[in-house]
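Data block below; observations after.
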Amino acid sequence: MKELWWKQSCQKVPHLVTERPGPKSAALSAKGSRYIKGLSSQVKLFPVCFEKGHGITLTDVDGNTYLDFSSGIYVTSFGHCHPKISEAVAHWAGTLMNCHDFITPVKEALVEKLAAIMPGDLNAVQFYSDGATAVEAGQRAARAITGKHEFISGYRDFHGKTMGAVSCARMARADVLSYGPSRSAGFYMVPRPDPYRPLFTKADGRIDTDAYIDFYQEFIKEGTVNNVAAFILEPAQGWAGSIFPPDDFFPKLKALCDKHRILLFADEVLTGLGRTGEVLCMNHWNVCPDIVTLGKSLGNGFPVTAMIVKQEYADVLEEISVSSSYGGNPMACAAALASIEVMEEENILDNVRAMGDLFMKRMHKMMQDHPIIGDIKGKGLLLGLELVKDKSSKEPFVQAGERVYQKAFTKGLAWIPAGHILRMSPPLIIDEKYSMLGMDLIEESIAEVEKEFGY
Ligand SMILES: Cc1ncc(COP(=O)(O)O)c(C=O)c1O
């Protein structure tokens, strides 16, 4: 990797100077939450207030510096405030902030770059400003391309919080209250293969991918009105807890889609641009989707997302207006272009693969040593540790997940809980020392929680 620009600020991390969360965090959090409603469980379980981020660290208002295993929320993948990316945004913030969907030099350079790094002929692009809106654009594109209107997605997928996006995700109680007691018409969900909790297994107990595909085939025939435009899926499930399907799943699903003239829509908002060690997570399986959405890492913190379809469908996309207030504004395009250049110049993908291997080795050992670690998951730096009450019953251990989250945060690790699955998504620039240091904090916390619960 190129010179590590963030190392200087990393002499002593974590660096803890008050209790966590400290008194200033407590006061600010009390003030802010009088008005800000609906904070995530992540914040409610650990109400710290941050004021600075640099590379792989976050600093709170009390002056405590944390090692970051969250990348914001899978967003600041190339490091908080990467100088090249921040300077690119600052340049356009002082030059041209918005000119609707007119083409600008920086937008043109970005689409050339995207076309060059996407697999196959994925090169017809529209820009938006959040993941959900890009997903909705992909849904419009799928309907226009196929002339069909139904969508199939997977149990526990997440695609954002607008009406179309939430219709292809699990309806949590809050969604039901706010969106009404059903998803939009024509949206269906099917079980997707989770190797640790398979629904369909072979005689030897291993997951049976073919049985899932056979079920989908049957479902298309019997459960839909035979008007399916697309399967819309996360290649690996981020929110559900870093769950990867078996390697033969997407090649087989693509074949099924092609047989039924159904598009494969890979929502790579969370996984795209290096998170799993490939530009697209789908590249792991050599499957080129028909539609892709990108977000999060794309702007390294600046809100920019993209919806991309194959060249053969470009004419149809021409009919769907890309016009939006913020999509593809010069600052957004500059952030995305600089992020992709950083990914290439700093050999980020190599680093992600190498660090991912180290994490998996470490987690393997931890699973052997700890009675409450039922499973480990991951590719690259999209990682998960699944906590269970008992390894044979696999009963999810949610209380342990929350306690481990709080304990490790108190020890100086900023990260993301997912109930009983501990999710790790450090910045993709992280090195071996800090990768293992973060895992030390997690392992110490797991050991303490095991003791508390009498293991
Ligand atoms: C796979 C996936 N798609 C879409 C979204 C929605 O993105 P946004 O929050 O930017 O609307 C997310 C957000 O976490 C996501 O993980």
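Taking the Cα centre of region 83-345 as origin and assigning +1 to Lys and Arg Cβ atoms and -1 to Asp and Glu Cβ atoms, the resulting dipole is close to 720 debye. Since only TYR196, THR271, ASN98 are under comparison, the one whose Cα sits farthest along the positive direction of the charge dipole of region 83-345, derived from C-beta charges on Lys, Arg, Asp and Glu, is TYR196. Overall, the anisotropy analysis places region 136-206 in the oblate class: the square-rooted eigenvalues a ≥ b ≥ c of its C-alpha gyration tensor yield a/c not less than 1.5, with a/b not exceeding b/c. Relative to the Cα centre, the charge distribution of region 150-224, modelled as +1 at Lys and Arg Cβ and -1 at Asp and Glu Cβ, gives a dipole magnitude of about 380 debye. For q values of 0.22, 0.25 Å⁻¹, compute log₁₀ I(q)/I(0) with the Debye formula on a Cα-only model of region 305-397, without solvent. Listed by q, the Debye log ratios stand at -1.06, -1.19. Neighbours of PRO396, meaning other residues whose beta-carbon lies under 13 angstrom from its beta-carbon, give a summed charge of -1 when Lys and Arg score +1 and Asp and Glu score -1. In plain terms, the chain from GLU112 to TYR155 could stretch by 11.9 nm, reckoned as 0.36 nm per residue minus the Cα-Cα distance.
Exposed loop sites, defined as GluC sites (Glu not before Pro) outside DSSP H, G, I, E and B with at most 16 other Cβ atoms within 10 Å, are absent from the longest region of the chain, namely 20-318.
Once a ≥ b ≥ c are taken as the square roots of the eigenvalues of the Cα gyration tensor of region 83-345, is the result rounded (a/c under 1.5), prolate (a/b larger than b/c) or oblate (a/b not larger than b/c)? Because a/c hits 1.5 or more and a/b exceeds b/c, region 83-345 counts as prolate. Strictly over 32 Å apart at the Cα level, which of LYS389/LYS411; LYS31/LYS411; LYS202/LYS391; LYS52/LYS365 would you flag in this model? Checking Cα-Cα distances, LYS52/LYS365 exceed 32 Å. Qualifying trypsin sites (Lys or Arg not before Pro) in region 1-64, where qualification requires a DSSP coil assignment and no more than 16 other C-beta atoms within 10 Å, comprise LYS2, LYS12, ARG34, LYS37. Dipole size of the chain about its Cα centre, with +1 on Lys/Arg Cβ and -1 on Asp/Glu Cβ: approximately 1160 debye, rounded to the nearest 20.
Could you tell me which of rounded, prolate or oblate describes the chain, using a ≥ b ≥ c as the square roots of the eigenvalues of the alpha-carbon gyration tensor, with rounded for a/c under 1.5 and, failing that, prolate when a/b is larger than b/c and oblate otherwise? Walk me through the numbers before you get to the answer.
Details: a/c = 1.63, a/b = 1.15, b/c = 1.42.
Since a/c reaches 1.5 but b/c is at least a/b, the shape of the chain is classed as oblate.
Most simply put, the chain has about 65% antiparallel DSSP beta bridges, counting only bridges with both residues inside it. With contacts taken as Cα pairs under 8 Å at a separation of at least 6 residues, region 83-345 carries a relative contact order of 32 percent.
Using DSSP to call loops (not H, G, I, E or B), can you name the trypsin sites (Lys or Arg not before Pro) in region 344-393 whose Cβ has at most 14 other Cβ atoms within 10 angstrom?
The qualifying sites are LYS391.
Only one residue of ALA400, ILE207, TRP415 has its Cα farthest out toward the positive end of the dipole of the chain, where Lys and Arg carry +1 and Asp and Glu -1 on Cβ, and that residue is ALA400. Label-to-label distance for ASN98 and TYR196 is 4.3 nm, based on points extended 7 Å past Cα in the beta-carbon direction. Which of the trypsin sites (Lys or Arg not before Pro) found in region 171-245 are in a DSSP loop and have at most 12 neighbouring Cβ atoms, other than their own, within 10 Å? Those that pass, being in a loop and sparsely packed, are LYS202, ARG206.
Quick note: the coordinates plus some simple rules give every number you see, no bench work behind them. Since we're looking at a predicted model, the values are computed, not measured. No Cβ is skipped: glycine too gets one built from the backbone with ideal geometry, and neighbour counts run over all protein chains shown.
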